[in-house]
Amino acid sequence: MPNLLIVGETGTGKGFLAALLHRAGPRPDGPFLNVNCAAIPGSLLEAELFGFERGAFTGARRSKRGLLETAHRGTLVLNEVGFLPEALQAKLLKVLEERRVRRLGSTRDEPIDVWILTTTNHLESVSREGRFREDLYHHLAVLTLSLPPLRERGGDILMLAEHFLERARRDHHLQPRHLDAGAQRALLTYSWPGNVRQLQHAIEHAALLTEGEAITARDLGIDRT
């Protein structure tokens, strides 16, 4: 399976799409693992991805498989891959080329078969600026999917809002709710800087706090900008 890069602004649903692709792929019963490259310091991220042997560093009291090994015959999602440190970029490139991984402190390579999905909102520009290896970029972006921001998705906004409203009703055991005309206009005219994630939170907030059945523009708690 070709490695796939998912590009989009924060909150557009890149992680959700990655999970859908895994479930729709040829190995839906295999492992599905993900790691946020922006949230873990480089030294810890290396151990998380590649694993380590006992005694490889202070505190390594037992061997541990990394995510690349654990995801064997499944999918590994590297979220915000543009934040991957330069040293790890070289190691990941070697893994992609050889389909083998070596734990920290080991002298033995382990074969792996992993579908690598990556997400980012700026990887191509980072690569052009020299902060991300161009050869690694091309390995990761064999196929690229771009998710448009919510403000460019027109009627999808109302469809998604209704979906989130029904989910909130079920999750919180609420009485039926609906969006009145003013709320619908507000949803369509707002710029949604936080994209789908912000929409979901706004709808859930309104569903929980609205006393009647109709959700108004004021209940949504958003500015029309």
Checklist outcome for this item: Over all viewing directions the Cα convex hull of segment 151-220 casts an average projected area in nm² of 4.0
Next on the checklist: What does DSSP give for the chain in terms of the percent of beta bridges that are antiparallel, rounded to the nearest 5?
Outcome noted: 20
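Once R0 is set to 22 Å, what does the formula 1/(1 + (r/R0)^6) return for the Cβ-Cβ distance between THR10 and GLU129, expressed as a FRET efficiency to the nearest 0.05?
E(calc), rounded to 0.05, equals 0.65.
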Next on the checklist: Quick check of the Kirkwood formula: for the chain, what is the inverse mean of 1/r over all pairs of different Cα atoms, in Å?
Outcome noted: 19.7
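Going by average Cβ neighbours within 10 Å, how do the peptides 123-129, 98-104 rank, with the highest at the top? Before the final figure, lay out each step's value.
Numbers: 123-129: 15.1, 98-104: 16.9.
Most protected by this proxy first, the peptides run 98-104, 123-129.
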Checklist outcome for this item: Residues whose built amide H sits under 5 Å from the amide H of LEU147, excluding neighbours closer than 5 in sequence, are VAL7, GLY8
Checklist entry - Among residues other than ARG62 whose Cβ falls under 10 Å from its Cβ, what is the net charge (Lys/Arg +1, Asp/Glu -1)? => result +2
Item to check | Per-residue ³J(HN,Hα) for segment 96-104, Karplus 6.51 cos²θ - 1.76 cosθ + 1.60, θ = phi - 60°, Hz, x for Gly and Pro | outcome: 5, 6, 9, 6, 9, 10, 10, 5, 4
Next on the checklist: If each DSSP helix of 4+ residues adds -39,500 (n - 2.57) and the sum is divided by the residues in the chain, what number results at 222 nm, nearest 500 deg cm²/dmol?
Outcome noted: -12000 deg cm²/dmol
Checklist outcome for this item: Answer in debye to the nearest 20: the dipole magnitude of the chain about its Cα centre, from +1 Lys/Arg and -1 Asp/Glu charges placed on Cβ, is 700
Checklist outcome for this item: Output for segment 1-98: chymotrypsin sites (Phe, Trp or Tyr not before Pro) sitting in coil per DSSP, at most 15 other Cβ within 10 Å, listed by number, reads PHE57
Checklist outcome for this item: When ILE222, ILE112 are arranged by how many other beta-carbons sit within 10 Å of their Cβ, fewest first, they go ILE112, ILE222
Checklist entry - Can you work out ³J(HN,Hα) from phi for every residue in segment 109-123, in order, using Karplus 6.51 cos²θ - 1.76 cosθ + 1.60 and θ = phi - 60°, giving whole Hz and x for Gly and Pro? => result 8, 10, x, 9, 9, 10, 8, 9, 10, 10, 10, 6, 10, 7, 5
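Each reported figure results from applying straightforward, stated rules to the coordinates on display, with no laboratory input. Owing to the predicted nature of the structure, the values given are computational and were not obtained by experimental measurement. Please note: Cβ atoms are built from the backbone with ideal geometry, for glycine as well, and neighbour counts cover all protein chains shown.
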